[in-house]
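K.L.:
One structure coming up, written as structure tokens, with questions to follow.
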């Protein structure tokens, strides 16, 4: 009897059986490749922060790279986080519309247990999140452009932050954001190119950072006592860079949005701020003008 020369074919595993695993800094290039695959910027600098300050999750593509990925950044006590921000939810183009994003999001929600969740959703991603129980609780407008001062900037004292300012920055941040973000904010001096504070009579009244993201500097976080202080911090950071500025401003801050548009920034997108498990974000939105990044709040 002749031995058959036919070899049994090896089937590709189903998307429903491919395991979801934790991502680490070793996956930085694969995450950046996935961003590029979906037409996003590679944003390796931001991915690096998120994978160290938060938890990454993904599914490996049997042919190499990642099927999908996302990052969860938790805030508050380690043993009992009070808020978790979900960001960088991406599915490779060839696996899109096959339910893998839904599966990943359900997994992430399950690992967060009873912790309230928040995320910034694009118009295309919003239906999925609504299906999973997220509700729209706000909006942010992304503006980008070369900042051009007009010579009439707010008369608010600003200066580069020093190491001695960090304890005050952390106190103000927790008060305004509503939960402790020490593990993220203490990374700002290394992550950002510029970190400035606003002062009045020796008392810090706000702070802001500008960090590099491809060809722009992103302004965020932007936390300030009032709109004039927020304007002064943006103007101060703008003097330190030749790059265009980008930031995501809460649409309720209409005066600040109008001001930056008068100085060269233009609207490029709107994202829905969504929450799950809480009716709105904690803290004081009147002093929270822009997030560190929409991927981490």
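Taken together, the values in this text are just the output of simple stated rules run on the coordinates, not laboratory data. Just so it is clear, the model here is predicted, and its values are computed rather than measured. Neighbour counts run over all protein chains shown; Cβ positions are idealised from the backbone, glycine included.
K.L.:
Please compute the Kirkwood hydrodynamic radius of region 213-297 from all pairs of different C-alpha atoms, in Å with one decimal. Walk me through the numbers on the way to the answer.
P.N.:
Details: mean 1/r = 0.0731 Å⁻¹.
Kirkwood hydrodynamic radius for region 213-297: 13.7 Å.
K.L.:
OK, next. For the chain, take the longest principal axis of its alpha carbons; what is the angle in degrees between that and the long axis of helix 166-177, to the nearest 10 within 0 to 90?
P.N.:
Once rounded, the angle reads 70 degrees.
K.L.:
Could you tell me how many degrees, from 0 to 90 and to the nearest 10, lie between the Cα long axis of helix 44-53 and the main elongation axis, the longest principal axis, of the Cα atoms of the chain?
P.N.:
So the inclination is approximately 90 degrees.
K.L.:
At 222 nm, what helix-only mean residue ellipticity would the chain give, in deg cm²/dmol to the nearest 500, using -39500 (n - 2.57) for each DSSP H run of four or more? Please report the intermediate quantities before stating the final value.
P.N.:
Values: 9 runs with 79 residues, N = 297.
Calculated mean residue ellipticity at 222 nm is -7500 deg cm²/dmol.
K.L.:
Given Cα positions, please report Rg to Rh for region 143-269, the hydrodynamic radius being the Kirkwood one. Numbers along the way, then the final one.
P.N.:
Values: Rg = 13.7 Å, Rh = 14.7 Å.
That ratio equals 0.93.
K.L.:
Over region 20-115, one equal point on each Cα, no solvent: what is log10 I(q)/I(0) by the Debye formula at q = 0.11, 0.12, 0.19, 0.25 Å⁻¹?
P.N.:
Taking Cα atoms of region 20-115 as identical point scatterers yields -0.30, -0.35, -0.86, -1.37.
K.L.:
Could you give the alpha-carbon Rg of the chain over 2.2 N^0.38 Å, rounded to two decimals?
P.N.:
1.10
K.L.:
Also, quick follow-up: Can you report the principal axis dimensions of region 61-207 using only the alpha carbons, biggest first, rounded to whole angstrom?
P.N.:
The Cα atoms of region 61-207 stretch 57, 41, 33 Å along the principal axes, largest first.
K.L.:
What is the distance in Å between the Cα centroid of region 256-285 and that of region 112-129?
P.N.:
Centre-to-centre (Cα) distance: 16 Å.
K.L.:
Expressed as a whole number of Å, what is the distance separating the alpha-carbon centroids of region 145-175 and region 33-51?
P.N.:
Comparing the Cα centres of region 33-51 and region 145-175, I get a distance of 28 Å.
K.L.:
Can you tell me the order of 39-49, 123-133 when each peptide is scored by its average per-residue count of other Cβ atoms within 10 angstrom, highest first?
P.N.:
Details: 39-49: 17.0, 123-133: 13.6.
Answer by packing, highest mean first, reads 39-49, 123-133.
K.L.:
Out of all DSSP beta bridges in the chain, what portion is antiparallel? Express it as a percent rounded to 5.
P.N.:
On the way: 57 of 62 bridges.
Counting only bridges with both partners in the chain, antiparallel ones make up about 90 percent.
K.L.:
Just to be sure I understand: of the beta bridges DSSP finds with both ends in region 143-269, what percent are antiparallel, rounded to 5?
P.N.:
On the way: 23 of 25 bridges.
If I count the DSSP bridges inside region 143-269, around 90 percent turn out antiparallel.
K.L.:
Working from Cα positions, state the angle (0 to 90°, nearest 10) between the long axis of helix 100-111 and the longest principal axis of the chain.
P.N.:
Helix 100-111 and the main axis of the chain meet at about 70 degrees.
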